[in-house]
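No value in this document is a laboratory result; all are computed from the given coordinates. Everything numeric here is computed off the predicted structure, so don't read it as measured data. Every residue, glycine as well, gets a Cβ built from its backbone with ideal geometry; the counts of neighbours run over all protein chains shown.
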Amino acid sequence: MLVNSCDTFFLIIKGDKFINLKVSSINMKFFNYGRYSEDYSKLKITKTYYLAFRDIPQILHKLVNGKKALDYGCGTGRSTRFLKKLGFEVIGVDINEKMLEKAKRLDKEGCYSHIKSANLDLFENNFFDLIFCAFIFDSIPSKIDMIKILKEFRKKLKSKGAIIIITSTPELYFHNWASFISNFPENKNTRAGDKVRIHIKGTNIKVFDYLWYDGDYKSVFQKSNLRVIKGYKPLANGTEKYKWINEKKIPPWFVYVLNKQHYDTYQTENNV
Ligand SMILES: C[S@@+](CC[C@H](N)C(=O)[O-])C[C@H]1O[C@@H](n2cnc3c(N)ncnc32)[C@H](O)[C@@H]1O
């Protein structure tokens with residue numbers, strides 16, 4: 001199904017028709033977040049998560065023109081509602097229907113759709129000004145799957161659009177944090193592509209992610225013909241209201257901003 005504008009898309013997806021846009025069941029290759037959807041729907045952008053989103057408004061202001069946004073892997077809609085508050089016309093997509101049901105419950109007027117991994121056939125090519133992707137790439141099991149997703153992003157992004165990817169640093173799995181317990185002994189002897197364990201504090205959410213390094217991400221961006229225009233690792237500065245554990249000295253997140261220009265070298269910094 002092709003859509004001509006975001007408005008058309010909103011009409012298509014509203015109300016009962018949302019249900020009609022379901023596609024076949026989850027590809028079990030990817031972790032099934034459904035059983036944690038209730039807990040996930042209560043998570044806020046606070047503590048360690050706050051750091052991941054802290055600089056995004058400034059980045060969007062500087063680097064993104066236009067308001068049409070896709071939130072890829074929207075889960076229960078936390079990141080989608082964040083973009084909406086910043087004034088974007090945003091559509092959240094995810095492979096998990098249970099997560100999407102919660103997103104819809106929390107944002108009744110919102111636009112959410114079920115997809116298969118790396119399949120954005122719902123949208124025309126060159127459609128989005130921004131493709132946002134928060135906490136997805138650390139749950140992707142292989143570089144081949146990442147490249148499939150990134151190539152689809154490239155197709156659906158306008159020529160001057162930007163992609164923002166927030167994902168875990170390897171350090172996230174070797175230390176403890178205000179929001180996570182993750183220094184499990186079995187995480188220690190892991191290599192790129194291995195499963196790593198992480199628990200979200202104050203919830204029942206206990207998941208396995210995949211360990212990927214900056215170099216792994218760089219290589220998949222390059223193979224997908226995407227250029228990193230900004231890559232950095234936010235650190236807390238101590239003025240925040242949270243009781244940090246390692247966040248002032250060890251960065252838990254990578255933030256990458258990509259565009260469709262040819263790949264170039266870049267520096268990873270700690271702050272914007
Ligand atoms: C950790 S949640 C993040 C949700 C949201 N972005 C947020 O910031 O709260 C990860 C979500 O990614 C979805 N996901 C995992 N693999 C995916 C894939 N290959 N394609 C699309 N979504 C995927 C999961 O179903 C889950 O809802």
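In deg cm²/dmol and to the nearest 500, what is the mean residue ellipticity at 222 nm of the chain if only DSSP H runs of at least 4 residues count, each as -39500 (n - 2.57), divided by the residue total?
Working: 10 runs with 78 residues, N = 272.
Counting only the DSSP helices, I get -7500 deg cm²/dmol.
What's the ranking of 198-210, 95-107 by average number of surrounding C-beta atoms within 10 Å, highest first? Before the final figure, lay out each step's value.
Values: 198-210: 15.9, 95-107: 20.8.
Output ranking for 198-210, 95-107: 95-107, 198-210.
What does the charge count near Gly87 come to, summing +1 for each Lys or Arg and -1 for each Asp or Glu among other residues with Cβ under 12 Å from its Cβ? Mind showing how you got there, number by number?
Values: positive: Lys67, Lys68, Lys84, Lys85; negative: Glu89, Asp129.
Its environment carries a net charge of +2.
Against the 2.2 N^0.38 Å scaling, with N counting residues, where does the chain land? I'd like the Cα-based Rg ratio to two decimal places. Mind showing how you got there, number by number?
On the way: Rg = 17.6 Å, N = 272, 2.2 N^0.38 = 18.5 Å.
After normalising by residue count via 2.2 N^0.38 Å, the value is 0.95.
For a footprinting-style exposure proxy, rank Arg78, Arg35, Arg154 by other Cβ within 10 Å, fewest first.
On the way: Arg78 24, Arg35 13, Arg154 18.
Ascending number of Cβ neighbours within 10 Å: Arg35, Arg154, Arg78.
Can you flag which of Lys42/Lys260; Lys104/Lys155; Lys108/Lys249; Lys29/Lys62 are past 30 Å Cα-Cα?
Values: Lys42/Lys260 35 Å; Lys104/Lys155 27 Å; Lys108/Lys249 40 Å; Lys29/Lys62 37 Å.
Check vs 30 Å cut-off fails for Lys42/Lys260; Lys108/Lys249; Lys29/Lys62.
Would you please put 177-184, 231-238 in order of how densely packed they are, using the mean number of other Cβ atoms within 10 angstrom per residue and starting with the highest? Could the numbers behind the result be given before it?
Values: 177-184: 19.1, 231-238: 17.4.
Output ranking for 177-184, 231-238: 177-184, 231-238.
Taking a ≥ b ≥ c as the square roots of the eigenvalues of the Cα gyration tensor of segment 33-154, is the shape rounded (a/c under 1.5), prolate (a/b larger than b/c) or oblate?
On the way: a/c = 1.27, a/b = 1.03, b/c = 1.23.
Rounded is the answer for segment 33-154, as its axis ratio a/c remains below 1.5.
Quick one: length gained pulling Gln58 to Lys206 fully straight, 0.36 nm per residue minus the C-alpha distance? Write out the running numbers ahead of the final one.
On the way: separation 148, 0.36 × 148 = 53.28 nm, distance 3.20 nm.
In short, 50.1 nm is gained.
Calculate the translational D of segment 155-241 in whole µm² s⁻¹ from Stokes-Einstein, where the hydrodynamic radius comes from the Kirkwood formula applied to all Cα pairs, the temperature is 25 °C and the viscosity 0.890 mPa s.
Working: Rh = 15.2 Å.
Estimated via Stokes-Einstein, D reaches 161 µm²/s.
How far is helix 214-223 tilted, in degrees, relative to the longest principal axis of the Cα atoms in the chain, given as a value from 0 to 90 rounded to the nearest 10?
30
What translational diffusion coefficient, in µm²/s and rounded to a whole number, does the Stokes-Einstein relation yield for segment 107-195 at 10 °C and a viscosity of 1.306 mPa s, taking the hydrodynamic radius as the Kirkwood radius over Cα pairs?
Calculated translational D: 103 µm²/s.
Using a simple charge model, +1 on the beta-carbon of Lys and Arg, -1 on the beta-carbon of Asp and Glu, nothing else, what dipole does segment 30-102 show about its Cα centre, in debye to the nearest 20?
Values: 14 positive and 8 negative charges, 66 e Å.
So the magnitude is around 320 debye.
When the Cα centres of segment 25-69 and segment 190-220 are compared, how far apart do they sit, in Å?
16
Starting from the amide H of Ile95, placed 1.01 Å from N in the peptide plane, find each other amide H under 5 Å away whose residue is 5 or more places distant or on another chain.
Ile115
If we count other beta carbons within 10 Å of each Cβ, what is the order of His61, His175, His114, fewest first?
Numbers: His61 9, His175 18, His114 21.
Final ranking by Cβ density, sparse to dense: His61, His175, His114.
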